[in-house]
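Trainee: Once you've had a glance at the structure underneath, I'll fire off some questions.
The values are calculated or read from the model by the stated rules, or taken from the named source; none is laboratory data. Please read these numbers as outputs of a predicted model, since none were measured by experiment. When we count neighbours, we look across all protein chains shown, and the Cβ atoms used for this are built from the backbone with ideal geometry, even at glycine. Surface areas here come from the heavy atoms of the whole protein model, side chains and all, with no ligands, DNA or RNA. Shrake-Rupley method; radii C 1.70, N 1.55, O 1.52, S 1.80 Å.
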Amino acid sequence: MKPKTVIFGIITALVLVILFNNKEEASFWLFGEIRTSKLLILGVFFILGIITGGIMFRRKKSHPKEYSINNTTVIDSADADNPTPYSNLSEEDRKFLDRD
């Protein structure tokens, strides 16, 4: 089993043990006095914590949504006379590209 699965199982078991051992009634203030089970209060706040953590720590997409090629090179009349595609490169760059 993967370590992530084992840790998730242990946390789930601990949460269930804690929730089901706190079944007695408790008072809770939410803009007024509410008397309800501790099980419900703990469960709701645990779920709210998971949702909040998921929203805060989610991964952002880093790749662009649109791909485009912008060719802003202007061809001079001197380049039009020279048919080689490497005319504007240095000699070292030409040797490097010709190795292919």
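Trainee: For the range 1-25, what are the residues that are open to solvent by less than 100 Å² (accessible area, probe 1.4 Å), farther than 18 Å from Ile47 by Cα and in a helix (DSSP H, G or I)?
Mentor: Within the range 1-25, Pro3, Thr5, Val6 qualify.
Trainee: Right, next: For the range 26-36, give me the residue count where each residue is loosely packed, with under 11 Cβ neighbours inside 10 Å and within 19 Å of Ile47 (Cβ to Cβ).
Mentor: Qualifying residue count for the region: 1.
Trainee: While we're here: It is to be established whether one or more residues within the range 47-61 are open to solvent by less than 100 Å² (accessible area, probe 1.4 Å) and touching a residue at least 12 places away in the same chain (Cβ under 8 Å).
Mentor: No; the residues of the range 47-61 include none that is open to solvent by less than 100 Å² (accessible area, probe 1.4 Å) and touching a residue at least 12 places away in the same chain (Cβ under 8 Å).
Condition check ((1) part of a loop (DSSP other than H, G, I, E, B); (2) within 20 Å of Phe8 (Cα to Cα); (3) at pLDDT 80 or above) across all residues:
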position: Ser27; (1), (2), (3): no, no, yes
position: Arg35; (1), (2), (3): no, no, yes
position: Val44; (1), (2), (3): no, yes, yes
position: Gly49; (1), (2), (3): no, yes, yes
position: Gly54; (1), (2), (3): no, yes, yes
position: Lys61; (1), (2), (3): yes, no, no
position: Pro64; (1), (2), (3): yes, no, no
position: Tyr67; (1), (2), (3): yes, no, no
